[in-house]
Every structure is written in structure tokens, then in C-alpha cells.
Amino acid sequence: LPASRLDFAGRLQEIPDWVWEPARKGRGKVLFDASLEAKPHEPLRTRTLHDFLERAHVSSDQAVYLTQDRGYADAYFAYCKASGERPMPVMVHDYWVGEVIQQHAEDGGKAFEARLEAFRARPDRREKTFLSLNRSLRPSKALFLLRLMHDGLWNHGLISTGGFELQRQQLRLNQAQLLDYLFGDPAFADLNRLLRPMTPRLEAVGRIDFEVPGTPRRLGAAMDHPLAEFGRTWFTVVTETEMASRPVRITEKALKPLMNFHPFIMLGNPGSLGLLREYGSKRFRRSSTRPTTRNLIPGGASRWCFARSNGSAILIMPSSSGFAVASKKP
């Protein structure tokens, strides 16, 4: 059952009785699939799901909750213990990571060699400094783009964005609701106060797409393409879906620069690089002995400021100056 929105909770009578029989008799499981997003645990969600199972005459241990949120299980089990509820198992599934990897299930080796050849052919001087993908205008993306405008750095990069209209459509929000969504996180209160007044400038930009020959203009969120823009810039700034104060997830956004041999700065959740290593990627060699940002800076807003202060020097570096390139080996 798709559990991201819980739309099914009031439609129990539409599900034939025979569908429930395997779970009632212990021969099957009811899967609540919330892996499209990483919604944190909420007591109301748990009560809704448990009530649904009770009305279906299915024990909670015959159900499974699937999520991207690595912190969901601990919060859920703690709630069940305190309330006396019998918990269901919780499993983690990185839906969007799976989507982008699945694209290369059959041509992985060929794609790797082509991307490696493209990487080695990139020029030592480039048109722009950084690349910003991720069309959805989530809070982290909006704050990053507005900060570029505030600091006069917009023209230093190649930027894609779906704009405000696309985000209003996707989230089914009016303008006031969208602004509350983008600037409502109290952890980013200072940045929100500074940047929210500049919203009309960002909205005036509209939608910016990168064209891929032979593909439709509207690309799927998880689609991985060897964009020409990787060769026109030095690195990617990855704006993840959220910047929480705890480990949550990674999405396809972090994989796209990796799969195209493009260095990146990530604005995401604590532990994101560790999750990438779980998938087999290797970090760039450390250039200092400072503690990792996961141990040093747990808060999302604090990590944002740390990333900006440490990345500002390369964000403003003229693209024509280039970086020291010792070799073209990845």
C-alpha cells in the first residue's frame, strides 16, 4: 500500500477480503511503502496505520513499514513502547538511489568507460565554476540560489531550476503555503529572514532546464545523463532534499556527480558521505586533519554556514583560472 500520503486509510472497504487472508493466516505481509519520501515518525501516522490494520484484522507483526528515513525505526519503536502498541518491522529502502542505479543495470560497464573517457577529455579551463542540478525547489535549493543572488555569485555557475510554478504544482500549494514551506524551518531562521525578501528575484528567473539531445524536455527526477554541463564546470553543489539535524537519507542527487566523475560539495544530512561509502564509493583524499562535519556540526543551519564559509573561496574563483590537475585518473 502506498503510504506516503495515507490516502488509502479511509478506503478499507474497497479492498477485497481475500487480499487480507494471507496476512491474517501468517502466510503473507502487508507492506506500507513510504519509501518515495523520508517522512519522519509522527504519532498520528502510527495511530492511523495501526487502526487500519486492526480494522483489517491483521496483526501488526504481519505488516512491514518501508521508508528512506534511517531514524524512523528508533522513533517509532520508542513511541510503541511508551504507548503499549505492538510495533511492525521497519525496513529502509533508498528508492531514488535504486532508481538511478537501475538505469545502468545492463549497460553499467559501457557507461562507466564512456563517462571516464569524457572525464579525461575535459578541458583544463572551463566556462563556469560550479554546477547546480536538482530541478525541485526544496528549501535547501531555494536558500542556496537566493544566497548566490545575495552574494553576486549567480553567474559563476550553471544552474537548473524548475521554478516556483512547478513546485506549486508538485506540492499542491498556493504561493503563501509554498513560501511557508521554503522558509518555515526555525533552524534556518537567520538565513530565512535575510533571503526571503529576495524571493521575487528568484521567481522572476522562472524555469531553467539543461537540454539532453534525443530526450524529452521534462526528464525524470532520477534520470542520470552525461550532461555537457559537467565538462563546462569544475564541481557540483548538491542540494539534497533536506538538511536535517540527524542522519536521514541520501537521494539520487548525490550520485549524479559521482557517476559523471565530477567533484561535489553536498548540502545535506549528517552522515551522507558515510551512506555513499555504504554503496561502494570512496571519498576524495583528505587535505586536512579537521574533524568531519558529521562529528563537528550536527545542526543543519550550522552545517550550511560551515559549507558556505569553507566553499566560498572556490565558488568565487574565476572559472578561467582553472584548478591544479595532476592527472586525469579518477
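The values are calculated or read from the model by the stated rules, or taken from the named source; none is laboratory data. These figures come from a predicted structure and were not determined experimentally. Cβ coordinates were reconstructed from backbone atoms using ideal geometry, including for glycine residues, and neighbour counts include every protein chain displayed.
Taking the condition of being under 22 Å from residue 68 (Cβ atoms) and either exposed (fewer than 12 other Cβ atoms within 10 Å of the Cβ) or at pLDDT 90 or above (or both), how many residues in region 3-35 meet it? First the steps, then the outcome.
Going residue by residue through region 3-35, those that are under 22 Å from residue 68 (Cβ atoms) are 3-9, 29-35.
Those left that are additionally either exposed (fewer than 12 other Cβ atoms within 10 Å of the Cβ) or at pLDDT 90 or above (or both): 5, 7, 29-35.
Count: 9.
Can you confirm whether region 106-115 contains a residue that is surrounded by 17 or more Cβ atoms within 10 Å (Cβ to Cβ) and more than 30 Å from residue 155 (Cα to Cα)?
The initial filter retains those residues of region 106-115 that are surrounded by 17 or more Cβ atoms within 10 Å (Cβ to Cβ), namely 115.
From the residues that got through so far, the ones that are more than 30 Å from residue 155 (Cα to Cα) too are none.
There is no residue in region 106-115 that is surrounded by 17 or more Cβ atoms within 10 Å (Cβ to Cβ) and more than 30 Å from residue 155 (Cα to Cα).
Give region 1-45 a look and list any residue that's of a type in the set (Phe, Trp, Tyr) and touching a Leu at 6+ places or on another chain (Cβ under 6 Å), or say none. Show your work before the answer.
Quick first cut of region 1-45, residues of a type in the set (Phe, Trp, Tyr) only: 8, 18, 20, 32.
Within region 1-45, 8, 32 meet the criteria.
Any residue that is more than 16 Å from the chain's Cα centre (by Cα), buried (at least 16 other Cβ atoms within 10 Å of the Cβ) and not polar (S, T, N, Q) - is there at least one of those in region 120-127? Yes, region 120-127 contains at least one residue that is more than 16 Å from the chain's Cα centre (by Cα), buried (at least 16 other Cβ atoms within 10 Å of the Cβ) and not polar (S, T, N, Q).
For region 143-152, give me the residue count where each residue is of a type in the set (A, V, I, L, M, F, W, C) and either in contact with a strand residue (DSSP E or B) (Cβ under 9 Å, 6 or more places away or on another chain) or without any contact (Cβ under 8 Å) to a residue 12 or more places away in the chain (or both). Quick ask: steps written out before the conclusion?
In the first step, residues of region 143-152 are kept if they are of a type in the set (A, V, I, L, M, F, W, C); the result is 143-146, 148-149.
From what is left, the residues that are either in contact with a strand residue (DSSP E or B) (Cβ under 9 Å, 6 or more places away or on another chain) or without any contact (Cβ under 8 Å) to a residue 12 or more places away in the chain (or both) are 143-145, 148.
The qualifying residues number 4.
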